[in-house]
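The values are calculated or read from the model by the stated rules, or taken from the named source; none is laboratory data. The shown structure was predicted, so the numbers you read here are calculated from the model rather than taken from an experiment. Please note: Cβ atoms are built from the backbone with ideal geometry, for glycine as well, and neighbour counts cover all protein chains shown. With ligands, DNA and RNA removed, areas are computed over all heavy atoms of the protein, side chains included. Shrake-Rupley method; radii C 1.70, N 1.55, O 1.52, S 1.80 Å.
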Amino acid sequence: MFTLEHFIWIGICIVFIALLSYISIRNKFSFKKAAFIMACIALVSEFSKIMSDMSFVNGENAMDGMVIKATSLPLHLCSLLIFAYFYFPFAKNDKIKTYLLGLVVPIGLIGATLAIIMATSGTDFKTVAAYQCFIYHAGMVWFSIYLISSKEVELGKKVWLRNIISLFAMAIVMIWVNGLLQAYNTNFWFVVRPPREGLPVLNLNNGWYVYFLTILCLGFLLLSLVHLPFIIKERNTPKIDNQE
């Protein structure tokens, strides 16, 4: 699964995350400044993906123009967060911002890290997809670390429950989305098949139903582990009653 190129990419991601974390913490970045940087990373990532994944309509060099491949639509879990990153620098609605921040952090820590480890877009230094995948996901990890270190987000029991419900509902919706786009062989959220072959747990050896249940269980477990320290802290913090 791991190659020399993959280890080099992982090393690059670690350096990228550590460097951005050091700079943002040392210089005490404001939320707006950090959000703007993340929005720029997301914009460059998505633009490079769109321009590198264009194909001729019906596979022909015709006057019909170029279209992006259906498999490159921003419908994967990490890709969907691009819209949240674009929203944050200009966020005015506190409720929407709070909801999205609570969702962005665990996905950034879990989903982005797994994407770096599994290298679903390959590790070839000659392809744009590899740069787009690794740098974007490294940016996601950094932004999540920034939000936690700057105390911009709360991940207590209420947020944990809300994230569980939201992600489960979206996973079910993605089954329908992949069904609608089955002609294009899409696999958004990896609910159709594993992200890559040869994985020890995420495989179709025991059928799709077991595979899908495994995804849900792993997602629940990993999400809960991210929220657990915050839930414990919330539980151990005495509540102060407001006195008039």
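Please work out if M174 is part of a helix (DSSP H, G or I) and within 18 Å of L100 (Cα to Cα).
No; evaluated as a whole, the condition is false for this residue.
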Checklist entry - Looking at region 159-177, which of its residues are of a type outside the set (S, T, Y) and in contact (Cβ under 8 Å) with a residue 12 or more places away in the chain? => result V159, W160, R162, N163, I164, L167, F168, M170, A171, M174, I175, V177
Checklist entry - If you go through region 182-196 one residue at a time, do you hit one that is of a type in the set (A, V, I, L, M), open to solvent by less than 100 Å² (accessible area, probe 1.4 Å) and more than 26 Å from D53 (Cα to Cα)? => result no
Checklist outcome for this item: Residue set S224, S149; condition of a type outside the set (A, V, I, L, M) and within 18 Å of the chain's Cα centre (by Cα); output residue S224
Next on the checklist: Looking at region 111-164 only, could you name the residues that are over 18 Å from L4 (Cα atoms), in a loop (DSSP other than H, G, I, E, B), of a type outside the set (K, R) and open to solvent by 60 Å² or more (accessible area, probe 1.4 Å)?
Outcome noted: E152, E154
Checklist outcome for this item: For region 20-37, pairs from a residue that is over 22 Å from F83 (Cβ atoms) and open to solvent by 50 Å² or more (accessible area, probe 1.4 Å) to a residue that is part of a helix (DSSP H, G or I) and of a type outside the set (A, V, I, L, M), with Cβ under 9 Å and 6 or more apart or across chains, are I25/Y146; I25/S149; N27/K33
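To keep it simple, each residue is scored yes or no on (1) surrounded by 12 or more Cβ atoms within 10 Å (Cβ to Cβ); (2) over 15 Å from V105 (Cα atoms); (3) modelled with pLDDT under 90; (4) among the small types (G, A, S).
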site	(1), (2), (3), (4)
V201	no, yes, yes, no
W208	no, yes, no, no
F212	yes, yes, no, no
L216	yes, yes, no, no
L225	yes, no, no, no
I231	yes, no, no, no
N236	no, yes, yes, no
I240	no, yes, yes, no
Q243	no, yes, yes, no
Checklist entry - In region 117-126, what residues are farther than 22 Å from P194 by Cα and touching a residue at least 24 places away in the same chain (Cβ under 8 Å)? => result F125
Checklist outcome for this item: If you go through A138, A70, the only one that is within 24 Å of R193 (Cα to Cα) and touching a residue at least 24 places away in the same chain (Cβ under 8 Å) is A70
Item to check | In region 1-52, the residues that are closer than 15 Å to G122 by Cα, among the aromatic types (F, W, Y) and assigned to a helix (DSSP H, G or I) | outcome: F7, W9
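Going through A70, A62 one at a time, which residue ends up being open to solvent by less than 70 Å² (accessible area, probe 1.4 Å), modelled with pLDDT of 75 or more and small (G, A, S)?
A70
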